[in-house]
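This report refers to the structure that appears directly beneath it.
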């Protein structure tokens, strides 16, 4: 496995798949979590955009990851760059889980942080009920993206 990056004690790793020449995408992405992480020991840590297919201990750490060995994936739609990007996304989700679990590292009072999350939920609900007004749709997507972008920095 190749170390992609490390942040806040969480290590992101990638590995080329031995199956990729025959089927599937380039490889696999993992994060290695230290003891005390909210996902430590979990086999399905969150309901994100990831299909976690690997969750095992590694010494004193817990490693979770995904693979691209699926029939709908190939080297064109899931090359190394895509796997690395998804692995970085998984790393960011793992960091956010620590911040949400701690509550004190987000720079806001817990009530303010909860309010921001509620605002995102309201925007999600509005987006679900949109009519086909493109201008409103674009403005709403930009507002939602801006609010979501703030959360990892709190």
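Scanning the range 36-57 for residues that are outside any loop (DSSP other than H, G, I, E, B) and either modelled with pLDDT under 70 or within 11 Å of residue 67 (Cα to Cα) (or both) turns up just one, 54.
Applying the criterion of being modelled with pLDDT under 90 and over 14 Å from residue 66 (Cα atoms) to the residues of the range 21-35, the residue that is surrounded by the most Cβ atoms within 10 Å (Cβ to Cβ) is 23. Among all positions in the range 95-105, there is at least one residue which is at pLDDT 80 or above and either closer than 19 Å to residue 3 by Cα or in a loop (DSSP other than H, G, I, E, B) (or both).
The values are calculated or read from the model by the stated rules, or taken from the named source; none is laboratory data. What you see is a predicted model, and the numbers here were worked out from it, not measured in a lab. Neighbour counts run over all protein chains shown; Cβ positions are idealised from the backbone, glycine included.
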